[in-house]
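Heads up, the thing below is written out as structure tokens.
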Amino acid sequence: MSLASYICMERQIPEKYLNLDEEDETLPLYIGPSFADKDCLYEVKTRHFHKWYVYEISSDWGIEIVEPFDSSISKESKEKLRYLFTFMNDFLDEGESFELYTCWIGEESYPQEKSMTLSLELNQLEDIEIPERTHILITKQSEN
């Protein structure tokens, strides 16, 4: 089985940003299909998300940050999350948000185990814990 991460937002991500550099292994992730099929996207959209457009965040493994926090998976996941936050900060307008959810392929219909709300700030990522089946609402705050 594979661990997949999904994002959801109220507007489409322009095509030029999708599958961007999927062959470039220097990037920690890209937005586009990898493990999930249309049924997986439908299940996660209807069960966990509150916005319209759903995308898989593709990489070798989904975003999962659990103890021990210095494990290679947690370190790589923090790098992926930092990259995603930077990308979404450039893409979103103030006040807009997106949702993030990670689960095992085929378990999109399973209930959430955890839910949290974050702002789109990189400084909060050091001590964050994101186990599988965690729903996160992430909002870009105003710079005031």
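Every number in this text was worked out from the coordinates using simple rules, so none of it is lab data. Values in this document were obtained by computation on a predicted structure and should not be read as measured data. Glycine also receives a Cβ, built like all others from the backbone with ideal geometry; neighbour counts cover every protein chain displayed.
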* Asked: Highest GNM mean-square fluctuation, the chain, Cα pairs closer than 10 Å: which of LEU118, LEU81, LEU29?
  -> LEU118
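Over the chain, what per residue volume does the convex hull of the Cα atoms give, in whole Å³?
On the way: hull volume 15.9 nm³, N = 144.
Enclosed volume per residue, from the Cα hull, is 111 Å³.
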* With each run of n ≥ 4 DSSP H residues scored as -39500 (n - 2.57), what mean residue ellipticity at 222 nm is computed for the chain after dividing by its residue count and rounding to the nearest 500 deg cm²/dmol? -> -7000 deg cm²/dmol
* **Unit Cα scatterers, Debye sum, region 31-107: log10 I(q)/I(0) for q = 0.13, 0.14, 0.15 Å⁻¹** => -0.44, -0.51, -0.59
* Virtual spin-label span in nm between GLU94 and ILE128, 7 Å along Cα→Cβ -> 2.2
* FRET E, pair VAL66, GLU15, Förster distance 30 Å, beta-carbon r, rounded to 0.05 -> 0.30
